[in-house]
Amino acid sequence: MANEDFESQEDLGLGGKVKNWIQDNIRIIISVLIVVVIAGGIYSYSNRSQDSIFEDELALEDEFMIDQDFEEEELVESQEVEVGEAVEVQINEESAEVETKAISQETGEAFVETAISGDSRTTLARKALASYLEKNNDSELTAEHKIYIEDYLQKNVSYVGGVESGDQMNFSKNLIKNSIEKSKTLSAGQLSNLEKYSARVPSLK
């Protein structure tokens, strides 16, 4: 019994020492716990912030990729449009070139003009004169002379009826040459009277 009482007293003595130590150091223990809790909170918040930043970065990258894909699609579409327009322009130019070759032809004795939409006897005569002057340049001819010549040609060409697209009109080289010679016999007053007509056709300047 004596031994048991001694051990019990030792246990009570150890427990008392622990209690006394805790009571003496309670402020330190609480401070340490507070520091641990704060540190844990900071660590947790830091991880969440990094995850949030990472997610934001991913969202921005996805948005950038979408914008980039959209810009690339727009660029491709723009290039396709440009290529399409270039092809269309080339086709139109080639068609115009073929049409030009088809509507104005030269034979040994004449210039053959083929009417297109909007042409008249006068416009075909104008084209025939232009074709002739390309081969036989005459610097003396003014716009007023040319107005007289095309009127002379349309009145004296061997053609009957109206003019429709596809019709052909033959202007003999001798007829054109004679009309040019006659225009050069006009007086200053006659040429002056023709100015109101030449002013309507800027291409003759």
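Residues in segment 182-205 that are among the small types (Gly, Ala, Ser) and surrounded by 12 or more Cβ atoms within 10 Å (Cβ to Cβ): 3 in all.
Pairs meeting the criteria (first residue in segment 149-166 and surrounded by 11 or more Cβ atoms within 10 Å (Cβ to Cβ) and in a helix (DSSP H, G or I), second residue at pLDDT 90 or above and small (Gly, Ala, Ser), beta carbons under 6 Å, at least 6 apart or on different chains) are Ile149/Ser179; Ile149/Ser183; Glu150/Ala125; Tyr152/Ser179; Leu153/Ala125; Leu153/Ser179; Gln154/Ala125.
Out of segment 174-205, which residues are in a loop (DSSP other than H, G, I, E, B), under 21 Å from Asn136 (Cα atoms) and without any contact (Cβ under 8 Å) to a residue 24 or more places away in the chain? Don't jump to the end; show me each part of the working.
Taking segment 174-205 and keeping what is in a loop (DSSP other than H, G, I, E, B), we get 184-187, 194, 199-201, 205.
Now narrow it down to the ones that are under 21 Å from Asn136 (Cα atoms): 184-186, 205.
Scanning segment 174-205 gives a single hit, Thr185.
Evaluation of Glu140 against the conditions (1) more than 22 Å from Ser187 (Cα to Cα); (2) surrounded by fewer than 12 Cβ atoms within 10 Å (Cβ to Cβ) shows that the sole unmet condition is (1).
The values are calculated or read from the model by the stated rules, or taken from the named source; none is laboratory data. Everything numeric in this text was worked out from a predicted model, so none of it was measured. Here Cβ is always computed from backbone atoms with ideal geometry, including for glycine, and neighbour counts include all displayed protein chains.
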